[in-house]
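Student: Structure provided below as structure tokens; questions to follow.
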Amino acid sequence: MARRSVRAQDESGFTLIELVVAMVCLTAMAMAVIGVIVNSQSQSMTNRNRVAAANLAAREIDLVREQFGASDSGPIDVANEGLRVNPHPLTGGTAGQPLVVDGVPYTVTRAVEWNITGTGASACEGGSLVAYPSLGVTVSVTWPSMGSVQPVQNSAAFAPDKDTGVSTTDSFIASKVVDQDGKPLANIPVNAGSTAYTDSTGCAIIRVSPGLSGSTYAVSIADPSYVDLSGTVNPTKSTGTLQRGRIYSGASFAVGKAGSVTVNLVRADGAPLTNAQVNGSTVTLVASQYSGSSGKTSRVMTGVTTTFTGLYPTSYGAYFGSTAPAGGFTVTKLNPGGSLAIDVVFEMAHITAVNLPAGTTQLAAVPAGTAWSPTLCSSAPLRVAVSGSTAELDALPGSYDLYAVGPTFACSPGPAAQPFTSGDNPDTTWSQTQLQITGAPGATIMAVDQALSGVLTLTTCPSGLPAGIVRNIDGARGGFIDMPAGTWYVWQVSGTGTCASYPIGLGAIGVPYGMQTSKAWALGSVNLEVTGIPSGRSLVVHTAPVTACSSTATTPTTTLYKSATATTTTSYMTSVSRSTANTTYYAYIWNKSASTTNKCTAIGTFVVGPLTGPTLTKPASSSTTDVKGP
């Protein structure tokens with residue numbers, strides 16, 4: 001029995017579960033006590049702050065009462081001060097700065113307003129002017145970290161003496177100011193020569209002194225951070241003629257704290273945009289509330305991101321250009337004084353070119369002013385295939401030079417410096433370009449684009465050209481024909497396709513875009529040169545045989561060319577016109593002191609054709625040799 005008693009005593013005490021439960025209970029009780037203590041301290045601090053604020057509000061009322069009765073002008077002086085913040089600092093403080101009590105900064109705001117109807121109702125609702133208006137003063141005190149605690153307010157009404165108050169000839173303007181939701185706006189400055197602030201009902205009362213026949217006043221919102229529905233800063237209304245001793249309550253305003261909308265331009269394909277690419281493009285900003293006939297306004301972008309300020313608080317949407325997208329656009333609410341961002345899909349410039357040169361297979365566009373080169377079109381990033389005389393191309397808005405590409409023209413210039421804006425642009429018409437060639441021989445006229453041929457200079461008919469790049473322009477001999485603009489080489493071929501002639505005098509023919517170009521088929525000239533002419537001799541060249549030469553004359557008398565008498569062995573040269581058919585020129589050495597009757601010795605002929613090179617040369621010693629050009 002004794003052993004069992006000892007064992008029972010050993011097993012007495014708390015179990016682990018009982019201990020945990022006890023600790024939880026103690027913790028809950030401690031937290032509750034701590035919460036009560038913290039809340040009590042917070043409430044105590046709030047009460048202490050409210051007491052200090054109430055004392056400051058009462059102090060301000062007393063100071064106003066003192067100023068009000070200090071002089072005959074006191075009532076008017078107090079009324080004219082309007083809304084004041086921290087007007088009376090504590091000892092050691094600064095006017096306009098918070099009043100510090102026990103380390104807490106307090107802001108004292110004082111508003112005044114004439115009670116001009118005497119009915120207790122707002123003067124902005126109308127009524128008759130009382131004979132002796134009183135001045136209402138409202139003081140509001142706030143401090144940091146107020147949370148949900150309401151500001152401490154104190155109000156009083158002061159009645160000036162009859163001889164120091166408002167003149168019986170004065171009038172009042174009562175202006176009602178509400179926000180975008182129609183709710184009264186307090187502490188908004190309203191100006192009509194002098195400035196008054198709206199009270200808690202949104203009513204501002206301004207004392208004015210009309211002339212004997214009445215006066216007109218401009219009433220405006222004097223806070224530039226507010227705008228009306230049209231986005232006007234400092235909206236203004238006129239009273240018309242206001243007579244003495246009257247209340248005007250017709251100048252009411254609905255304004256909102258101005259906000260901003262930031263438009264970000266983005267491409268549908270996600271490719272980046274630069275400010276230079278989009279600068280000057282337009283977006284349409286759409287307001288859900290508006291004045292006038294439409295809430296749409298056109299806005300100019302100054303870069304990829306542009307912020308538009310001074311906007312009335314309502315819902316806004318935006319789209320690129322002037323035509324709303326078929327799928328609609330997103331609308332987002334702009335809170336008073338707030339901001340919002342809208343992404344707008346950037347619209348490319350849509351270019352339509354019509355009346356392209358016949359045979360065009362590609363349209364190319366390059367930035368205006370890009371220097372032309374033979375590879376300009378082939379390297380242009382903006383190219384589109386063409387089938388027919390019309391082509392369409394999408395590009396970034398900007399100014400472009402257009403070019404046409406075809407089998408017989410590598411990069412034919414078209415309209416230059418064309419400004420294209422976002423969206424659809426008016427059709428760009430390719431102007432007619434034409435060429436005419438006059439005085440050509442009878443063979444067929446052919447042409448090749450200089451850039452396409454790769455030929456830099458032409459001294460004879462071109463050969464070895466790729467198939468399909470040569471154009472038959474024989475119709476140009478009879479009048480103007482359509483021709484792609486560019487630089488062209490021209491020549492003639494016979495019926496068998498062999499070279500017949502080419503206009504050396506023309507070289508490459510420039511055919512400017514949009515113009516009619518007329519060129520004469522100039523065959524050029526050939527130099528006829530004789531070398532090794534002995535001293536004392538002359539050179540004679542004629543289109544007919546010379547039958548006789550004396551010491552003074554030749555027969556025929558009129559010869560094509562007679563040189564001077566050589567003083568040493570020398571060379572003489574004359575120039576003759578190249579003709580479309582072979583022409584023979586007869587050359588002679590004239591020895592005026594010879595003992596023979598005919599003093600001219602034949603040295604052969606020069607045969608000049610349409611393809612003869614620039615110079616034919618023969619020696620004087622070759623008495624019968626003929627020199628013939630190709």
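Student: Regarding residue 482, is this residue surrounded by fewer than 20 Cβ atoms within 10 Å (Cβ to Cβ), under 30 Å from residue 272 (Cα atoms), out of contact with any helix residue (DSSP H, G or I) (no Cβ under 6 Å at 6 or more places or on another chain) and modelled with pLDDT of 95 or more?
Tutor: Working: surrounded by fewer than 20 Cβ atoms within 10 Å (Cβ to Cβ): yes; under 30 Å from residue 272 (Cα atoms): no; out of contact with any helix residue (DSSP H, G or I) (no Cβ under 6 Å at 6 or more places or on another chain): yes; modelled with pLDDT of 95 or more: yes.
Taking the combined requirement at face value, the residue does not satisfy it.
Student: Which residues, taken from segment 232-249, are more than 44 Å from the chain's Cα centre (by Cα) and assigned to a loop (DSSP other than H, G, I, E, B)?
Tutor: Scanning segment 232-249 gives 243, 244, 245, 246, 249.
Student: Another one. Quick check on segment 231-272: of everything there that is of a type in the set (A, V, I, L, M) and surrounded by fewer than 16 Cβ atoms within 10 Å (Cβ to Cβ), which residue is farthest from residue 287 (Cα to Cα)?
Tutor: So in segment 231-272, the residues of a type in the set (A, V, I, L, M) come out as 233, 242, 247, 251, 254-255, 258, 261, 263, 265-266, 268, 271.
Filter once more, so that each one left must be surrounded by fewer than 16 Cβ atoms within 10 Å (Cβ to Cβ): 233, 266, 268, 271.
Working: 233: 17, 266: 21, 268: 24, 271: 29 Å.
In this case the residue turns out to be 271.
Student: Condition first: in a strand (DSSP E or B) and either within 30 Å of residue 140 (Cα to Cα) or polar (S, T, N, Q) (or both). Now tell me which residues in segment 197-217 satisfy that. Explain how you work it out, then say what you get.
Tutor: To start, the set of residues in segment 197-217 that are in a strand (DSSP E or B) comprises 197, 203-208, 215-217.
Those that are in a strand (DSSP E or B) and either within 30 Å of residue 140 (Cα to Cα) or polar (S, T, N, Q) (or both): 197, 203, 204, 205, 206, 207, 208, 215, 216.
Student: Which numbered condition trips up residue 137, out of (1) of a type outside the set (Ser, Thr, Tyr); (2) surrounded by fewer than 17 Cβ atoms within 10 Å (Cβ to Cβ); (3) closer than 30 Å to residue 252 by Cβ; (4) in contact (Cβ under 8 Å) with a residue 24 or more places away in the chain?
Tutor: Among (1) of a type outside the set (Ser, Thr, Tyr); (2) surrounded by fewer than 17 Cβ atoms within 10 Å (Cβ to Cβ); (3) closer than 30 Å to residue 252 by Cβ; (4) in contact (Cβ under 8 Å) with a residue 24 or more places away in the chain, residue 137 violates only (2).
Student: Which pairs do you get when a residue that is without any contact (Cβ under 8 Å) to a residue 12 or more places away in the chain, found in segment 455-479, comes within reach of a residue that is in a helix (DSSP H, G or I) and of a type in the set (Phe, Trp, Tyr), reach meaning Cβ atoms under 6 angstrom, with the pair 6+ apart or on two chains?
Tutor: none
Student: Residue under question is residue 129, and the condition is that it be within 20 Å of residue 189 (Cα to Cα) and in contact (Cβ under 8 Å) with a residue 60 or more places away in the chain; does it hold?
Tutor: Numbers: within 20 Å of residue 189 (Cα to Cα): no; in contact (Cβ under 8 Å) with a residue 60 or more places away in the chain: yes.
Criteria not met by residue 129.
Student: Further, regarding this structure: Out of segment 90-107, which residues are aliphatic (A, V, I, L, M) and under 21 Å from residue 50 (Cα atoms)?
Tutor: Pass one, segment 90-107, residues aliphatic (A, V, I, L, M): 90, 95, 99-101, 104.
90, 99, 100, 101, 104 - these are the residues of segment 90-107 that are aliphatic (A, V, I, L, M) and under 21 Å from residue 50 (Cα atoms).
Conditions (1) farther than 27 Å from residue 183 by Cα; (2) at pLDDT below 95; (3) not assigned by TED's automatic domain parsing to the domain that holds residue 137, marked per residue:
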| residue | (1), (2), (3) |
| --- | --- |
| 207 | no, yes, no |
| 210 | yes, yes, no |
| 216 | yes, no, no |
| 221 | no, no, no |
| 231 | no, yes, no |
| 244 | yes, yes, no |
| 250 | no, yes, no |
| 262 | yes, no, yes |
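Student: Does residue 593 satisfy the condition of being surrounded by fewer than 17 Cβ atoms within 10 Å (Cβ to Cβ), of a type outside the set (Phe, Trp, Tyr), not in a strand (DSSP E or B) and not assigned by TED's automatic domain parsing to the domain that holds residue 460?
Tutor: yes
Student: When you look at residue 84, is it touching a strand residue (DSSP E or B) at 6+ places or on another chain (Cβ under 7 Å) and charged (D, E, K, R), yes or no? Don't jump to the end; show me each part of the working.
Tutor: Working: touching a strand residue (DSSP E or B) at 6+ places or on another chain (Cβ under 7 Å): yes; charged (D, E, K, R): yes.
It is true that residue 84 is touching a strand residue (DSSP E or B) at 6+ places or on another chain (Cβ under 7 Å) and charged (D, E, K, R).
Student: Report, by residue number, each residue of segment 144-184 that is surrounded by 18 or more Cβ atoms within 10 Å (Cβ to Cβ), at pLDDT below 90 and not in a strand (DSSP E or B).
Tutor: Listed by number, the residues that qualify are 160, 165, 166, 170.
Student: Sticking with this structure for a sec: Which members of segment 185-196 meet the condition of being crowded, with 24+ Cβ neighbours inside 10 Å and outside any loop (DSSP other than H, G, I, E, B)?
Tutor: Result: 190, 196.
Student: Report, by residue number, each residue of segment 410-427 that is over 21 Å from residue 267 (Cβ atoms) and touching a Gly at 6+ places or on another chain (Cβ under 6 Å).
Tutor: So in segment 410-427, the residues over 21 Å from residue 267 (Cβ atoms) come out as 410-418, 426-427.
Correct list: 412 only.
Student: Within segment 165-183, identify whether any single residue is among the aliphatic types (A, V, I, L, M), touching a residue at least 60 places away in the same chain (Cβ under 8 Å) and either in contact with a His (Cβ under 9 Å, 6 or more places away or on another chain) or within 20 Å of residue 86 (Cβ to Cβ) (or both), and answer yes or no.
Tutor: Checking segment 165-183: not a single residue is among the aliphatic types (A, V, I, L, M), touching a residue at least 60 places away in the same chain (Cβ under 8 Å) and either in contact with a His (Cβ under 9 Å, 6 or more places away or on another chain) or within 20 Å of residue 86 (Cβ to Cβ) (or both).
Student: Just to check your reading of the model, which residue among 508, 500 is closer than 22 Å to residue 444 by Cβ, touching a helix residue (DSSP H, G or I) at 6+ places or on another chain (Cβ under 8 Å) and not assigned by TED's automatic domain parsing to the domain that holds residue 372? First the steps, then the outcome.
Tutor: Working: 500 fails: touching a helix residue (DSSP H, G or I) at 6+ places or on another chain (Cβ under 8 Å).
Criteria check complete, one pass: 508.
Student: I've got another one for you. Mind counting the residues in segment 598-630 that are part of a loop (DSSP other than H, G, I, E, B) and either at pLDDT 90 or above or not acidic (Asp, Glu) (or both)? Break it down into steps so the answer makes sense when it comes.
Tutor: Applying the first criterion (part of a loop (DSSP other than H, G, I, E, B)) to segment 598-630 yields 598-599, 609-614, 620-626, 629-630.
Retained after the next criterion (residues that are either at pLDDT 90 or above or not acidic (Asp, Glu) (or both)): 598-599, 609-614, 620-625, 629-630.
The qualifying residues number 16.
Student: Taking the criterion of being over 25 Å from residue 196 (Cα atoms) and at pLDDT 90 or above, would at least one residue in segment 38-49 satisfy it?
Tutor: So in segment 38-49, the residues over 25 Å from residue 196 (Cα atoms) come out as 38-49.
Imposing the further condition that a residue be at pLDDT 90 or above reduces the set to none.
No, segment 38-49 contains no residue that is over 25 Å from residue 196 (Cα atoms) and at pLDDT 90 or above.
Student: When residue 117 is evaluated against the numbered criteria (1) in contact with a Gly (Cβ under 6 Å, 6 or more places away or on another chain); (2) crowded, with 20+ Cβ neighbours inside 10 Å; (3) modelled with pLDDT of 85 or more, which criterion, by number, is the only one it fails?
Tutor: Result: residue 117 fails condition (3) only.
The values are calculated or read from the model by the stated rules, or taken from the named source; none is laboratory data. Worth saying up front: this structure is predicted, and the values here are computed from it rather than measured. Because the Cβ atoms are built from the backbone with ideal geometry, glycine has one as well, and the counts that use them run over all protein chains shown.
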